[in-house]
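Worksheet for the structure shown next.
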Amino acid sequence: MPRLITVPMVILALLMTAIMVVTLTIPVHASDDDSQLLKEIDRNLNPESYESYRKLINIEPDGKKKEYVLFTVKKGTDKIASLFISPASEKGRSTLRLGDNMWLYIPNVGKPIRITSLQSVVGGVFNNADILQLDYTAEYNVEKREDNEKEYLLYLKAKNRSVAYDRIKLWANKTDKLPLKIECLTEANMLIKTLYFKDVKDFGDGIVRPSVIETDSPMYKNYKSVIIFAGIKKRDVKDEVFTLTFMPNVESLRSHGN
Amino acid sequence: MKPKKNRVFVVVLIFLLFFVLRSTSVYGEDYSFDVSEIEKKSWQFGGYAEFSPVLFKLNEESSLYKLGFYDKDKKSNIKEYNFKVQLEGSYEKGISKVFIRTNSELTNSYSEWSDETAIYEGYFSLKPSSSFRIDIGKKALKWGKGYAWNPVAFLDRPKDPDDPELNLEGFIVGCADYIQSFEGVLKTLALSSVVIPVYEDINDDFGNINHLNFAEKIYFLLYDTDIDLIFMTGASITGRYGFDFSRNISTNLEIHGEFAYIDDYQKRYTDDYGNIREEVDDVRNYLFGIRYLTTHDTTFIAEYLRNDAGYKQDKMKDFFSLIDTGYEDYLVDGSHSLLNKAINIQGKYGRNPMKDYLYFRVSQKEPFDILYFTPSVSSIFNMDDRSFSLSPELLYNGITNLELRLRTSFLEGKEDTEYGEKQSDCRVEFRARYYF
């Protein structure tokens, strides 16, 4: 009896299977192109310098909600400040981030105090790093990239230990290069939280981005947090706005039209 | 048995209030964002209203109990009902802004009502650019980086380490802030210049009257570290120089410190016969602290305070002896003389009057998956006489604009110690605060 299946045939079959798998999901090691892609995703999400109005909603398992409205200004890669507009109990609080430095100003306390990125000024799933999010390129390097027909999957690694999440997996749409989903992970790849980007909206001035970000976390089972963007527009403010001394005055940046 | 009944009643009331309010909060699946929610108005108005019943268990053997209650009916505990309204309003037009904050308190204690209203802050601001701002009026500056104490807060009234986040009444000042940002290791430089006038009816509790005083704070954000250099001069009080810093060592660890040098500090004290003495010396007060967050969301705050301006144990003993002797005289012949002397100087022996203190606070964010619930324990330990306070606390702010706090404080110490001689050795306080 001639042998129908020979060793070279098996090797060939395995090779073909491997090629098929590889063509379906192509792992590509990090390159300048990947860093450029991450930059594009950053720019599609936000202009480098902007102002925005966001609402944060914490939703408990029984449907009970707590809402916060924030005004935010960001400049360049490492400066961002936010002001709580409501509810009344939080009104006037402002947060400032200058690179790895973060502060919280509470009107009652009357002076800025240093906070850390892993703390949370609003409770629930969001921590301070989520609220004062800088560009991903400012904090992360692309380790590798995987592509399929419709999506990119970027594996990001924190540039230093002061970044809130050691690793991030970022899925982005190939057509508009906007994030679809982000998983925030520890150094040991343990999932901390997942962000889902939804409802792409045209905010004008060329800014087309998801208007809703839903977040859940295995650490807060059945809890959900949502960020809704009401407005975002390009704005360049002076560097002096991003200082401790200016923190009690962030409200003055809001125009009466808003 | 009556006090026990009262305690049960208070606890039941707290829980009923908690659950009724919780059940009336907003539920729903939909979320929306209306543009009217972000509309900015020229006029802004807000504040909070607060109700806090307090139950004190009195320490009938203590000196300060004798001083406070020598001519009143003896009681083992007293109830106090506090009502507080803090209002604030502002009007903004162009580069100018007017701001006012008032504080009104109504207290029922020992079957007597008392009330007090004060303007905590009220000032006019001009902000020609984001780099420059001028404020004129009554303002609390709140300098320093410490959580429980601030040795460098030369222009502020001392804060209460038992409740460090309370608003404070300011002084009437004129101040100008100038900010400059840079690229590089020095990211920010800010200058704050302050003029504080002290005249009859203007800041007359600050120091000697009929003088203008000046202070300067220079702030640097240098190598990711906040640094302040502070100077103060004027004839109302002696010269003061200060330094403070704060820095994040990692994503979950912050360190801070303050150092203050005061020229010719006048320390007034009494001997055990009620004779007032005075010492003049240069003093060096300092503080060092950390704030640490664990992976389980437990926050630790620890601070050490060296209060060089404070009293040694023998001076404190003299004060307590004066009260005890005065109380015995009162019992024997009704004489108030020594007790009045003690009352007159009591303010000098007020909050944390001795030299070395430790503050410790541990708080757990949202344990057992209870959102917006923060239990904590804080303690102040007097290292000189080994007396201390220990305050467990439950805080819930899950209902929009409502904050509920239940707090108990135990004061422990031997005879002639700071906490051992306080009026009460235990207090239970419930506080409901509604923001609007």
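Odds and ends about this structure:
- With 31 Å as the limit, the listed pairs A:Lys65/B:Lys217; B:Lys217/B:Lys317; A:Lys39/A:Lys201; A:Lys193/B:Lys40; B:Lys145/B:Lys348 have A:Lys65/B:Lys217; B:Lys217/B:Lys317; A:Lys193/B:Lys40 beyond it between alpha carbons.
- Candidate cross-link partners of A:Lys66 among the lysines, defined by an alpha-carbon separation under 18 Å and a same-chain spacing of 8 or more, comprise A:Lys55, A:Lys91, A:Lys221, A:Lys224, B:Lys365.
- Top of A:Val226, A:Val125, A:Val200 by mean-square fluctuation, Gaussian network on chain A, Cα under 10 Å: A:Val200
- Pairs of Cα atoms nearer than 8 Å and 6+ residues apart set the relative contact order; for segment B:42-435 it is 14 percent.
- Atom-type composition of the exposed protein surface of segment A:29-251 places 46 percent of the accessible area on carbon and sulfur (1.4 angstrom probe).
- Distance cut-off 26 Å, percentage of C-alpha pairs in segment B:232-353 lying past it: 45
- Volume of the Cα convex hull of the protein assembly as shown, divided per residue and given in Å³: 202
- Within straight-line cross-link reach of B:Lys93, aspartates and glutamates at Cα separation under 18 Å, skipping those fewer than 8 residues along the same chain: A:Glu251, B:Glu39, B:Asp135
- Out-of-range pairs (alpha-carbon distance over 22 Å; input B:Lys72/B:Lys341; A:Lys75/A:Lys144; A:Lys169/A:Lys234; A:Lys79/B:Lys139): A:Lys75/A:Lys144; A:Lys169/A:Lys234; A:Lys79/B:Lys139
- The mean number of partner chain beta-carbon atoms within 10 angstrom of a residue's beta-carbon across peptide A:59-66 is 6.
- By average C-beta atoms within 10 angstrom, highest first, the peptides B:156-163, B:405-412, B:204-211, B:274-281: B:405-412, B:156-163, B:204-211, B:274-281
- The calculated pair-distance distribution of segment A:176-258 uses every alpha carbon pair, bins of 10 angstrom beginning at 0, and gives 14, 30, 29, 26, 1 percent.
- Where labels lie 7 Å past Cα in the beta-carbon direction, separation of B:His296 and B:Ser250 in nm: 1.7
- Normalising by residue count, segment A:29-251 has a Cα convex hull of 124 Å³ per residue.
- Protein accessible area in segment B:181-267, 1.4 Å probe - carbon and sulfur %: 59
- P(r) tail for segment A:58-180: Cα pairs beyond 17 Å make up 64% of the total.
- Rg and Dmax, both from the Cα atoms of segment B:51-202 and both in Å, are 20.9, 68.
- With the convex hull drawn around the C-alpha atoms of segment B:73-118, the volume per residue stands at 65 Å³.
- Accessible surface, the protein assembly as shown, averaged per residue in Å² (probe 1.4 Å): 47
- Chain A: relative contact order in percent, alpha carbon pairs under 8 Å with at least 6 residues between: 21
- When B:Lys40, A:Lys150 are compared by accessible surface with a 1.4 Å probe, the order from highest to lowest is A:Lys150, B:Lys40.
- Note on B:401-409: average number of Cβ atoms from other chains within 10 Å of each residue's Cβ is 1.
- Helix-only [θ]222 nm of chain B, DSSP H runs n ≥ 4, -39500 (n - 2.57) each, per residue, nearest 500: -4500 deg cm²/dmol
- Exposure ranking of B:Lys317, A:Lys193, A:Lys234 by accessible area [1.4 Å probe, largest first]: A:Lys234, B:Lys317, A:Lys193
- When chain B is treated as a GNM with alpha-carbon contacts under 10 Å, the residue of B:Leu305, B:Leu222, B:Leu287 showing the greatest mean-square fluctuation is B:Leu222.
- Heavy-atom accessible area buried between chains A and B is around 5900 Å² (1.4 Å probe, both sides summed).
- Alpha carbon Rg of segment A:140-213, scaled by the compact-globule rule 2.2 N^0.38 Å: 1.19
- Probe 1.4 Å, all protein chains present, accessible-area order of B:Thr299, B:Thr117, largest first: B:Thr117, B:Thr299
- Rounded if a/c under 1.5, otherwise prolate or oblate - chain B, Cα gyration tensor axes: oblate
- Base-10 log of normalised Debye intensity for segment A:71-140 (one unit scatterer per alpha-carbon) at q = 0.18, 0.19, 0.22 Å⁻¹: -0.65, -0.73, -0.97
- Report summary: the helix-based calculation at 222 nm, which adds -39500 (n - 2.57) for every DSSP H run with n ≥ 4 and divides by the residues of chain A, gives -4500 deg cm²/dmol.
- Directionally averaged projected area (convex hull, Cα atoms, segment B:354-436), nm²: 6.6
- Only Cα pairs under 8 Å and 6+ residues apart enter the sum, and on that basis the relative contact order of segment B:292-373 stands at 48 percent.
- Net charge over other residues, Cβ less than 11 angstrom from the Cβ of A:Gln133 (K, R count +1; D, E count -1): -1
The values are calculated or read from the model by the stated rules, or taken from the named source; none is laboratory data. Because the structure is predicted, anything quoted here is derived from the model rather than measured. Glycine also receives a Cβ, built like all others from the backbone with ideal geometry; neighbour counts cover every protein chain displayed. Keep in mind that these areas ignore ligands, DNA and RNA; they rest on the heavy atoms of the full protein, side chains included. Shrake-Rupley method; radii C 1.70, N 1.55, O 1.52, S 1.80 Å.
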